[in-house]
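The values are calculated or read from the model by the stated rules, or taken from the named source; none is laboratory data. These numbers were taken from a predicted model, which means no experiment stands behind them. Every residue, glycine as well, gets a Cβ built from its backbone with ideal geometry; the counts of neighbours run over all protein chains shown. To get the accessible areas, we keep the full protein, side chains included, count just its heavy atoms, and leave off ligands, DNA and RNA. Shrake-Rupley method; radii C 1.70, N 1.55, O 1.52, S 1.80 Å.
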Amino acid sequence: MQALLPGASGNGAAPAAPALDVAPGIAREKVLVIACGALAREILAIVEANGLAHVELQCLPAQLHNRPEKIPAAVRAEIRKAKRDHTRILVGYGDCGTGGLLDKVLAEEGVERIEGAHCYAFFAGLDVFDAEAEAEPGTFYLTDFLARHFETLVIRPLGLDTYPELRDAYFGHYTRLLYLEQAADPEIEARARAAAERLGLAYAKRVTGYGLLETRLTTIGT
């Protein structure tokens, strides 16, 4: 397998593998996706909606994002276990705060990942995300997963449930919350609005669908 070598800066500039056409009646190559647990629901939805029976999923805990320095080693361990039974592996992570260290591991292991620095870029698209970030630098982003688990992944780890006065220390430089919606769900959108209110931020929404995540999953494999 040829490795895809993202930019050394870890900014998510990994080139995509070309789409491969498969003749009718020929089985597609089995692909294992090693992904962040924050993407599990979305990946399974994409697999089901597109009939991707050749795609299997192995997830790592979403809480690793609180300690991004641990992501490269955790991903490497999963890759090495997976290589016993799989010839094609796709990593469902961006750089995710590893400062290029994840890309270094993937180059050494000969494994590719989805383009983008993080899941916000996966869903919004690289150019759209860059434009949003440039237009509103003080933006806090939510995906469906983060909106659903805002209390356990944001509020409690930061101690805001006990010390709400810390809000300004953490979020004083933010001006808005942008909810990137993968699947329309009034309950999840209500949670996103409530998160913005709790943080004292203006609320905005962009409907993204599954973006690059769906593109990569539906074009990988032979």
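Of everything in the stretch 181-222 that's hydroxyl-bearing (Ser, Thr, Tyr) and touching a helix residue (DSSP H, G or I) at 6+ places or on another chain (Cβ under 7 Å), which residue is farthest from residue 163 (Cα to Cα)?
We begin by selecting, within the stretch 181-222, every residue hydroxyl-bearing (Ser, Thr, Tyr); these are 203, 208, 210, 215, 218-219, 222.
Within this subset, residues satisfying the condition of being touching a helix residue (DSSP H, G or I) at 6+ places or on another chain (Cβ under 7 Å) are 203, 208, 210, 218.
Working: 203: 23, 208: 34, 210: 35, 218: 45 Å.
Only one residue tops the list, namely 218.
Can you tell me how many residues within the stretch 31-48 are assigned to a strand (DSSP E or B) and within 10 Å of the chain's Cα centre (by Cα)? First the steps, then the outcome.
In the first step, residues of the stretch 31-48 are kept if they are assigned to a strand (DSSP E or B); the result is 31-36.
Remaining after also requiring within 10 Å of the chain's Cα centre (by Cα): 35-36.
Counting residues in the stretch 31-48 that are assigned to a strand (DSSP E or B) and within 10 Å of the chain's Cα centre (by Cα) gives 2.
If you go through the stretch 116-127, how many residues are in contact (Cβ under 8 Å) with a residue 12 or more places away in the chain and over 18 Å from residue 68 (Cβ atoms)?
Restricting attention to the stretch 116-127, the residues satisfying the condition of being in contact (Cβ under 8 Å) with a residue 12 or more places away in the chain are 116-126.
Now narrow it down to the ones that are over 18 Å from residue 68 (Cβ atoms): 123-126.
Adding up the residues that qualify gives 4.
Out of the residues in the stretch 57-77 meeting the condition of being over 17 Å from the mean Cα position of the chain (by Cα) and either among the hydrophobic types (A, V, I, L, M, F, W, C) or closer than 24 Å to residue 45 by Cα (or both), tell me which one is least open to solvent (accessible area, probe 1.4 Å).
Restricting attention to the stretch 57-77, the residues satisfying the condition of being over 17 Å from the mean Cα position of the chain (by Cα) are 73, 76-77.
Add one more test, that the residue is either among the hydrophobic types (A, V, I, L, M, F, W, C) or closer than 24 Å to residue 45 by Cα (or both), and what stays is 73, 77.
Values: 73: 70, 77: 51 Å².
The residue in question is 77.
Restrict the check to the stretch 173-195 and report whether at least one residue is of a type in the set (Lys, Arg) and either exposed (fewer than 14 other Cβ atoms within 10 Å of the Cβ) or within 25 Å of residue 91 (Cβ to Cβ) (or both). Even if it seems obvious, please write down each step before you answer.
Going residue by residue through the stretch 173-195, those that are of a type in the set (Lys, Arg) are 176, 191, 193.
Those left that are additionally either exposed (fewer than 14 other Cβ atoms within 10 Å of the Cβ) or within 25 Å of residue 91 (Cβ to Cβ) (or both): none.
No: zero hits.
Name, by its number, the condition in (1) among the small types (Gly, Ala, Ser); (2) touching a helix residue (DSSP H, G or I) at 6+ places or on another chain (Cβ under 8 Å); (3) closer than 18 Å to residue 122 by Cα that does not hold for residue 74.
It fails just one condition, (3).
Here's a check for you: in the stretch 94-106, which residue that is in a helix (DSSP H, G or I) and open to solvent by 40 Å² or more (accessible area, probe 1.4 Å) is nearest to residue 80 (Cα to Cα)? Give the derivation first.
Of all residues in the stretch 94-106, those in a helix (DSSP H, G or I) come to 101-106.
Restricting the remaining residues to those that are open to solvent by 40 Å² or more (accessible area, probe 1.4 Å) gives 101, 104.
Values: 101: 17, 104: 15 Å.
Checked the stretch 94-106; the qualifying residue nearest to residue 80 (Cα to Cα) is 104.
Any chance the stretch 131-151 includes a residue that's open to solvent by 20 Å² or more (accessible area, probe 1.4 Å), in contact (Cβ under 8 Å) with a residue 24 or more places away in the chain and of a type in the set (Ser, Thr, Tyr)?
yes
Restricting the stretch 196-216 to residues that are surrounded by fewer than 21 Cβ atoms within 10 Å (Cβ to Cβ) and among the basic types (Lys, Arg), which is farthest from residue 47 (Cα to Cα)?
Checked the stretch 196-216; the qualifying residue farthest from residue 47 (Cα to Cα) is 198.
Here are the criteria: (1) touching a residue at least 40 places away in the same chain (Cβ under 8 Å); (2) over 23 Å from residue 183 (Cβ atoms); (3) touching a Cys at 6+ places or on another chain (Cβ under 8 Å). Tell me which single one residue 94 does not satisfy.
Here residue 94 clears every test but (2).
Hand me the list of helices (runs of 4 or more DSSP H) wholly inside the stretch 129-206 holding 1 or more residues that are more than 22 Å from residue 36 (Cα to Cα).
Working: elements: 144-148, 167-171, 186-199.
Of the helices (runs of 4 or more DSSP H) lying wholly inside the stretch 129-206, those with at least 1 residues that are more than 22 Å from residue 36 (Cα to Cα) span 167-171, 186-199.
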